[in-house]
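Encoded as structure tokens, the structure appears first; notes follow it.
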Protein chains: 2
Amino acid sequence: MINQQLMGKILTRLNIPNVGMGINQGIAIPVGISNRHVHLSQQDVDALFGHGYQITPFKDLKQPGQFAAKECVMVVGPKGSISKVRVLGPVRPQSQLEISKADCFALGIKAPVRSSGDLAGSGNAVLMGPAGYVELKQQVICAQRHIHMNNIDARALNVTNGQKVHVKTEGERSLIFDEVIVRVSDKFALEFHIDTDEANAAGVRNNDSVFIVS
Amino acid sequence: MINQQLMGKILTRLNIPNVGMGINQGIAIPVGISNRHVHLSQQDVDALFGHGYQITPFKDLKQPGQFAAKECVMVVGPKGSISKVRVLGPVRPQSQLEISKADCFALGIKAPVRSSGDLAGSGNAVLMGPAGYVELKQQVICAQRHIHMNNIDARALNVTNGQKVHVKTEGERSLIFDEVIVRVSDKFALEFHIDTDEANAAGVRNNDSVFIVS
């Protein structure tokens with residue numbers, strides 16, 4: 001049986017343009033919805049969970065090597081707190097908290113829309129763990145919507161790293177997301193990453209299919 | 001000084017097509033963001049606040065005759081509760097709770113995306129007030145995105161009641177909302193109504209300008 005992705009690659013190879021929607025008209029990109037989460041440095045793991053603590057994989061994510069950890073923290077802002085915010089692994093050189101605009105209102109935190117790692121001038125928060133707390137300074141963002149893909153996907157979709165594309169969703173809350181950044185790496189699996197606000201607004205769920213439109 | 005709305009009407013009269021964005025290319029429609037809220041019947045006001053209680057206007061809404069009341073209620077679902085949910089007035093023949101998809105997850109309530117008043121098969125919830133509680137049965141919806149306008153606006157925008165249009169927002173979270181219902185009445189003021197999920201996803205605020213695009 002030919003799946004949508006293979007069908008899309010065949011159509012691309014045959015140079016049939018990707019217009020509109022559906023199995024015959026484009027490569028389906030699965031949706032991955034990012035709930036609020038935090039990437040931690042080992043130094044911050046030590047402060048939150050105890051010196052030398054190692055975070056434990058709980059569930060593999062679709063992006064190779066990435067996992068949801070068993071560990072959660074509480075996020076505290078000037079107007080409120082949110083408990084059970086998931087830690088993602090593996091540890092990174094610098095901690096980074098990713099929240100939605102709805103979370104920003106609940107916490108009283110101003111976090112700009114940014115790509116991962118683009119932290120200068122971003123938001124502040126406090127994380128509380130069982131062994132202590134850490135202050136995040138310019139380490140809180142709302143993640144910019146983006147598509148992960150490898151080089152084969154990029155060729156099939158006729159896009160390049162850093163390009164901005166339009167992505168269409170279907171259904172009763174159908175919409176077209178502008179300003180979607182393409183991120184290409186051989187470490188990436190094909191996935192359209194949006195946050196919970198964006199998923200709710202579009203009425204989509206994890207693994208729903210979306211399409212790049214011109 | 002010629003404002004955007006007047007400019008749009010002049011362009012429409014001159015039969016210049018509305019393409020793209022900006023002051024010369026269309027009529028700016030102001031955004032109105034609906035946070036979770038409830039419309040109550042007098043019977044339910046009695047149950048929640050006491051027999052014969054009259055809700056009190058707190059702030060006029062943009063739609064003529066509509067107001068946010070001083071009164072709030074608590075909404076309770078199988079998974080959680082949300083306090084301080086605003087009552088809107090005046091009272092209606094039937095109570096109707098309007099929440100976001102994010103609220104649905106927090107409360108454990110399944111509410112479909114519907115136009116106001118289209119309640120058959122919609123969600124359930126419990127409302128708690130200072131004098132008692134009421135059960136809402138098939139009275140909970142996620143409001144379908146729509147544009148209120150009067151007949152003059154409709155002629156200027158070249159749309160009719162019930163028509164579905166595309167609405168474009170600008171900025172770093174720019175997107176195009178499909179499936180936007182036009183609602184025309186001489187009682188309406190021009191306003192694009194979306195919920196908090198949709199506003200966050202688009203990065204727009206109250207009174208930001210959006211445009212109908214083909």
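The values are calculated or read from the model by the stated rules, or taken from the named source; none is laboratory data. Keep in mind the model is a prediction, meaning the values are calculated, not measured. Please note: Cβ atoms are built from the backbone with ideal geometry, for glycine as well, and neighbour counts cover all protein chains shown. Surface areas here come from the heavy atoms of the whole protein model, side chains and all, with no ligands, DNA or RNA. Shrake-Rupley method; radii C 1.70, N 1.55, O 1.52, S 1.80 Å.
Numbers at a glance
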{"item": "The lone exception for B:LYS164 - which of (1) in the same structural domain as B:VAL73 (by the TED database); (2) under 30 Å from A:GLN144 (Cα atoms); (3) open to solvent by 40 Å² or more (accessible area, probe 1.4 Å) it fails", "result": "(1)"}
{"item": "Any hit, segment A:145-160, residues being under 30 Å from B:SER115 (Cα atoms), touching a residue at least 24 places away in the same chain (Cβ under 8 Å) and of a type in the set (Asp, Glu)", "result": "no"}
{"item": "Flag for A:ALA47 being out of contact with any His (no Cβ under 7 Å at 6 or more places or on another chain) and in a helix (DSSP H, G or I)", "result": "yes"}
{"item": "Residue satisfying condition, being loosely packed, with under 14 Cβ neighbours inside 10 Å, touching a Pro at 6+ places or on another chain (Cβ under 9 Å) and either within 19 Å of A:PHE58 (Cβ to Cβ) or in contact (Cβ under 8 Å) with a residue 24 or more places away in the chain (or both), within set A:LYS70, A:LYS84", "result": "A:LYS70"}
{"item": "Those residues of segment A:48-67 which are open to solvent by 90 Å² or more (accessible area, probe 1.4 Å) and under 16 Å from the mean Cα position of the chain (by Cα), in sequence order", "result": "A:LYS59, A:ASP60, A:LYS62"}
{"item": "Odd one out for A:ALA131, checked against (1) assigned by the TED database to the domain that holds A:ASP60; (2) touching a helix residue (DSSP H, G or I) at 6+ places or on another chain (Cβ under 9 Å); (3) without any contact (Cβ under 8 Å) to a residue 12 or more places away in the chain", "result": "(3)"}
{"item": "Number of the exception - A:ASN206 against (1) under 26 Å from A:ALA69 (Cα atoms); (2) open to solvent by less than 50 Å² (accessible area, probe 1.4 Å); (3) within 14 Å of chain B (Cβ to nearest Cβ)", "result": "(2)"}
{"item": "Looking only at segment A:186-196, and only at residues there that are charged (D, E, K, R) and more than 14 Å from chain B (Cβ to nearest Cβ), the one that is nearest to A:GLN144 (Cα to Cα)", "result": "A:GLU191"}
{"item": "Residue pairs meeting the criteria (Cβ under 7 Å; at least 6 apart or on separate chains; first within 24 Å of B:THR160 (Cα to Cα), in segment B:184-206; second of a type in the set (Asp, Glu) and buried (at least 20 other Cβ atoms within 10 Å of the Cβ))", "result": "B:LEU190/B:ASP153"}
{"item": "Tally of residues being within 20 Å of B:GLN54 (Cβ to Cβ) and not in a strand (DSSP E or B) across segment B:65-92", "result": "5"}
{"item": "Out of A:PHE177, A:PHE192, sole residue that is within 17 Å of A:LEU61 (Cα to Cα), open to solvent by less than 10 Å² (accessible area, probe 1.4 Å) and outside the structural domain of A:SER100 (by the TED database)", "result": "A:PHE192"}
{"item": "Subset of segment A:97-123 (residues that are away from chain B (no Cβ under 14 Å) and open to solvent by less than 10 Å² (accessible area, probe 1.4 Å))", "result": "A:LEU97, A:GLY123"}
{"item": "Complete set of residues in segment B:170-185 that are at the interface with chain A (Cβ under 8 Å from one of its Cβ atoms) and on the phi < 0 side of the Ramachandran plot", "result": "B:GLU172, B:ARG173, B:SER174, B:LEU175, B:ILE176, B:PHE177, B:ASP178"}
{"item": "Flag if A:VAL180 is closer than 17 Å to A:ILE33 by Cα and β-branched (Val, Ile, Thr)", "result": "yes"}
{"item": "Within segment A:84-96, tally of residues that are within 14 Å of chain B (Cβ to nearest Cβ) and within 18 Å of A:GLN43 (Cβ to Cβ)", "result": "0"}
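Quick grid of which residues meet (1) in contact with a Ser or Thr (Cβ under 9 Å, 6 or more places away or on another chain); (2) more than 14 Å from every other protein chain (Cβ to nearest Cβ); (3) aliphatic (A, V, I, L, M); (4) crowded, with 19+ Cβ neighbours inside 10 Å:
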residue: A:ALA125; (1), (2), (3), (4): no, yes, yes, yes
residue: A:GLN139; (1), (2), (3), (4): yes, yes, no, yes
residue: A:CYS142; (1), (2), (3), (4): yes, no, no, yes
residue: A:ILE147; (1), (2), (3), (4): no, yes, yes, yes
residue: A:LYS168; (1), (2), (3), (4): yes, no, no, no
residue: A:GLU198; (1), (2), (3), (4): yes, no, no, yes
residue: A:ALA202; (1), (2), (3), (4): yes, no, yes, yes
